[in-house]
1. Beyond 26 Å, how much of the Cα-Cα pair distribution for region 1-148 remains, as a whole percent?
2. Please give me, ordered by residue number, the chymotrypsin sites (Phe, Trp or Tyr not before Pro) of region 1-101 that lie in loop per DSSP and have at most 13 other Cβ atoms within 10 Å.
3. Sort out for me the Cα centre separation of region 57-119 from region 187-218, rounded to whole Å.
4. How much length, in nm to one decimal, is gained on full extension between ASP181 and LEU257, taken as 0.36 nm per residue of separation minus their Cα-Cα distance?
5. Quick one: order THR194, THR243 by neighbouring beta-carbon count within 10 Å, fewest to most.
6. Label points 7 Å out from Cα along the Cβ direction at ALA188 and VAL12: separation in nm?
7. Estimate the FRET efficiency between ALA101 and THR71 by the formula 1/(1 + (r/R0)^6), using the beta-carbon distance for r and 25 Å for R0, to the nearest 0.05.
8. Can you compute the FRET efficiency between TYR54 and MET1 using 1/(1 + (r/R0)^6), with r the Cβ-Cβ distance and R0 = 30 Å? Round to the nearest 0.05.
Amino acid sequence: MILLFLIPLYVVFAIAFGQVDPVFRSPIPVWNPVAWDTSQFRDVISHIVGSDDYLSGAFIRTFEYVLIATTLSLLVAYPVAYFTARLAGRHRGIILALLVAPFWISYMMRMLAWVNLLQPDGLVNKALSAGGIFPVHVNWLTGQPVTVVLGLVYGYVPYMILPLYAGLDRIPDNMLEASRDLGASRFATLVRVTLPLSMPAILASVMLTTLPMLGDYFTSDMLSASPNTSMIGNLINDAIGSTTQTGQAASLVVILLVFLVVPMILYVRSTNRSEGART
């Protein structure tokens, strides 16, 4: 953790709160925290919430996309995880293998497959046009927010299914049987017993998908490549590619880290409270 996480993170802070070469505009890291300069960081903040807030659009889009994509992922993942954990029976192993299969293929290859499907003459438009009966010529790859959101759902929904499956599989059968013995229907048992008991798994799965989504840049680059759908991760990636904006990239990473730490703390607190209630 020290070598692979804390030291690189400290380097980011040293660049974000460091100096800038006055001639070449390249970053000069400052390793002593006492001598850190917040001018670069404050400049980036002014571009987010100040009068010159040209970076605010990417932040707003990021949170909108992530919120919608996380909600859609949960709506897809929970029924799949519930069926696999409670109803699949002897087919559970096959279903789990199919759920793990996307991890065997690189994320880039899966996004490239969607690029081919979403071309103007791709299978998606052909399916919507019913094989050419209706004229459908949607340019899915030209800055469409729905394309980016669905790409996020497709890319991260496996990360949500597996924690949900693990949580649902650990629910004691005798509690569900007690609910049925007391006269509750299958739906009432799901709502009043299974859903509350699976809430820690829901929180864990939401965290596992939301956090990487907030820093994702590859999905938008592959499925849109338009400034109209750029996210925080795209801003960081573009700034890293410029030798004169590395300090801005580091500052954006620090800001994103603050947004990530807050839900992590809330998740840990809620998990501790639920464990305390069970004991």
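Coordinate-derived values only; no laboratory data. Predicted model, so just to flag it, every value in this text is computed and none were measured. Backbone-built Cβ (ideal geometry, glycine too); neighbour counts: all protein chains shown.
1. 61 percent
2. PHE24, TRP31, TYR54
3. When both Cα centres are located, 13 Å separates them.
4. Difference between extended and current length: 22.5 nm.
5. THR243, THR194
6. For the pair ALA188/VAL12, the computed spacing is 5.0 nm.
7. For ALA101 and THR71, the calculated efficiency is 0.55.
8. The calculated FRET efficiency here is 0.25.
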